[in-house]
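Right, one structure below, let's go through it.
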Amino acid sequence: MGVVQRKAMLKSEGFFPHKKNAKGTTIIYSRKHPTAKFVRVVIDSGIDSKTNKVVGKVGIKLCFVNRQKSWREITAQIFTTNTGLVKTIKAQEAAEKFVKTCKHCKAKKFTAKSGNVVCANACWTAWGGKKKSANTTKKSSQKTTAQNIGPRELRDQARQKKSQKVTPKSQRTYPLNKTVQKKAQKKRQKIVAEILPGDLVSIERIELDTFKEDYTGRILGIVMSVTKEGRVNVNWTANTSNLESWDLPFTNHYATDYRHVLRFKVLSRNVEWAEAA
Ligand SMILES: [Zn+2]
C-alpha cells in the first residue's frame, strides 16, 4: 500500500522525518504533542529508508523528552494502516492525560526495564540532601514532645526503648510460639555492603536472595562518592547490557522484601553483602 500516500498523510499531519533510526531501518517521524510540554508524538512509518518500500504497519507512540534530552516511551506503540492513521494519532494524543506525572518534578512517568514505573527525569537520584533535612526536623520535634509529657509517659517510653534493645530474635535460645517465629522470619532485613569512593563496580542481579546474573564485563563504573545515607554516586564508564541508566543501583543497601534486586558488585576489593548490624 502506497508509500507516497503514507508520506503525504504524515506530512499533512505535521510530521517530519528523522535522519536516524537507532533501532531499525524504517523512517521515524515525530512532532510536538499539541498541548503537553516535552511530549512528542513519534511514528515509525513502516517505510524502509533504503528501499523506500512499505515493510510494515505504522507504529504510533508518545515519548517524553527528559532533562538529559533522552526520549522515554510513555505510551505503548499502537500499529495501524494508512486508513487508521489519523484516528490513531488522535487516540495517542488523548492518551497523554492518562500518563502518570512525577509529583516531585512534574515529568511524565514511564515503565523502566526493571518493570518499575519511574520518573522520566530520574529525579530521585538527587534526593539525598533533602531527605536528610527532613529527618532532622522530625527528630527535634519528637524531643519537644518528650519534654512536654508527664513522668508516667516518660517511664513508659523508657520501658519501650529498653524492650527494643533486647537480644535479636535470631540469637534467642528460649522457645518462641509459632506465630511469633513466623513473624520474625518474615520481618524485613536491611542488607548492606561497604561501598567506598574509588571502588570499581559492576552489577549483579538476585531474586529472592538467590544469585541470578553477573554483569561483570558488560557494566563497569567507578564510585565517585557515598553519602551518609548510603547513596552511591557512580561514574558508569561502560554499559553494553540491556539495562538502562535508571535501572542501575544507587544505594549501598536494600531490604529483603524486595523480590528482584540489582546490587553493586565490587570488583577491586572483596566486599560482602550482609544484614545490617
Ligand atoms: Zn521526577
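Each reported figure results from applying straightforward, stated rules to the coordinates on display, with no laboratory input. Being a predicted model, the structure only gives us computed values, none of them experimental. So basically every Cβ, Gly included, is an ideal-geometry build from the backbone, and we count neighbours across all protein chains shown.
Our summary of shape: the Cα atoms of the range 190-275 have principal axis extents of 30, 30, 24 Å, ordered from largest down, in whole angstrom. Distance from the Cα centroid of the range 213-250 to that of the range 5-78 is 31 Å (rounded to whole angstrom). Modelled spin-label separation between ILE78 and MET224, with each label point placed 7 Å from Cα along the Cα-to-Cβ direction: 4.1 nm. In loop segments of the range 193-255 as defined by DSSP, the trypsin sites (Lys or Arg not before Pro) with at most 11 further C-beta atoms inside 10 Å of their C-beta are LYS228. Taking other C-beta atoms within 10 angstrom as a stand-in for reagent exposure, ARG31, ARG6 fall in the order ARG31, ARG6, fewest first. Diagonalising the gyration tensor over the Cα atoms of the range 1-41 and scaling each eigenvalue by 5 before taking the square root yields semi-axes of 20, 16, 6 Å, largest first.
Sorting LEU196, LEU248 from the fewest to the most surrounding beta carbons within 10 angstrom yields LEU196, LEU248. Here the convex hull built on the C-alpha positions of the range 3-102 has a volume of 95 cubic angstrom per residue. When HIS33, HIS104 are sorted by how many other C-beta atoms sit within 10 angstrom of their C-beta, beginning with the fewest, the order is HIS104, HIS33.
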